[in-house]
């Protein structure tokens, strides 16, 4: 059931780094994005697939992890992602990608979870530096980086209270994510 | 398998209008969005659920359908959506929702397909008029409208040629959607 997949699809930030993710698997995930909806069907998103340790290390330098965990500066060596998907906007096709980014990253991450993987969408990126480091042509604009690997942490959903939406870690390093209630998300509307 | 669900999740624009979609089902779809990732976990999206014919008719007036089909002005009476989800940005929480819109609409639509429903994300909306008509308070900004119902049309994926990404309908009213190839989406990168 989709709901189980969605529940399991948490933002994972620590991984069994030694466990490789093959290019074949990464391509299957892109195929899920490829078959997903695109606004006006323009399909202006492109992808760079990375699973080599040296390139992973290059990418890692330019990412910021879990902003609310101020005492934690990202996963230690040994717990880092073993693959990355860099989502790009091909501006030669169109600079306007509407909701395509989220649609495609959700397809990719649900597909990853189905394969026993997990990941995290990272939007806090030193974009200019990463683009230079990987020699990505300027026609491509980095939208987001999806970190992937075999998750090595527990993430639990809990009820959000007093509008405190910041995730937190307990002393056992379990990651807690407060979610708003269904009632809070649905606007009471005259017809209801 | 997720891939089957993604393949089946086409943008449907004609429906069995007489087949109702219950509020309970709409709420289950919002629960899928609720449990999906949110940038910085802020969760600034809210939803209006509509399944009453009179309100459906009000919403329909402000939507533009399938821009490339210039001879077709949207589904006829009898083939219109039997439900809508209006996705809102609650600007009192945050005006920045990053990729949350696409992530949540993908969860909603995959969930719909799993239930035998189908839908279409509509971004071409007379927003100000719709907001007034439904008396939606100004703290909420309309992001998109998801039309839902039991699909009454066939949609097929085909290979995109010569960068011609416009969808089209054949004489049997089958809707054809050209998709870029996997090779086109993956940027050849020095490590590959």
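Quick notes
- Radius, Kirkwood style, for region A:36-102 when every pair of distinct Cα atoms is counted (Å): 14.2 Å
- Other protein chain C-beta atoms within 10 Å of residue C-beta, averaged over A:105-112: 5.
- With Cα atoms defining each centre, region B:1-51 and region B:77-98 are spaced 10 Å apart in the structure.
- Extending 7 Å from the Cα toward the beta-carbon at both residue A:156 and residue B:188 defines two label points whose distance is 5.1 nm.
- Nearest-first distances (nm) between copies at residue B:7, label 7 Å from Cα via Cβ: 2.8
- Largest mean-square fluctuation among A:159, A:100, A:31, in a Gaussian network model of chain A whose springs join Cα atoms under 10 Å apart, belongs to A:159.
- Projection of the Cα convex hull of region B:34-192, averaged over all directions and equal to a quarter of that hull's surface, yields 12.5 nm².
- Least to most buried among A:48, A:157 (fewest other Cβ within 10 Å first): A:157, A:48
- Quarter the surface of the alpha carbon convex hull of region B:1-50 and you get the mean projected area, 5.1 square nanometres.
- Label-point spacing at residue A:128 relative to the other copies reads 3.8 nm, in ascending order, each point sitting 7 Å out from Cα along Cα→Cβ.
- Which of B:61, A:19, A:152 has the fewest Cβ neighbours within 10 Å, and the rest in rising order: B:61, A:19, A:152
- Here residue B:161 yields copy-to-copy label distances, from shortest upward, of 6.3 nm, the label point defined as 7 Å from Cα along Cα to C-beta.
- Rounded D (µm²/s) - the protein assembly as shown, Kirkwood Rh over Cα pairs, Stokes-Einstein at 4 °C, 1.567 mPa s: 60 µm²/s
- Peptide-level mean, for A:90-102, of C-beta atoms on other protein chains within 10 Å: 4
- When the helices of chain B are scored as -39500 (n - 2.57) per DSSP H run of n ≥ 4 and the total is divided over every residue, the value at 222 nm lands at -7500 deg cm²/dmol.
- Within 10 Å of the Cβ of each residue in A:116-125, the mean number of Cβ atoms contributed by other protein chains is 1.
- If the convex hull is drawn through the Cα atoms of region B:91-181, its volume per residue in Å³: 162 Å³
- Compared with the alpha-carbon gap, the fully stretched path from residue B:166 to residue B:58 is longer by 36.0 nm at 0.36 nm per residue.
- Among residues of chain B, the one whose beta-carbon sits closest to the B-to-A rotation axis is listed with its distance in Å as B:102, 1.
- Residue order, fewest to most beta carbons within 10 Å, for B:12, A:62: A:62, B:12
No value in this document is a laboratory result; all are computed from the given coordinates. Just so it is clear, the structure is predicted and the values come from calculations on it, not from any experiment. Every residue, glycine among them, receives a Cβ derived from its backbone with ideal geometry; neighbour counts consider all protein chains shown.
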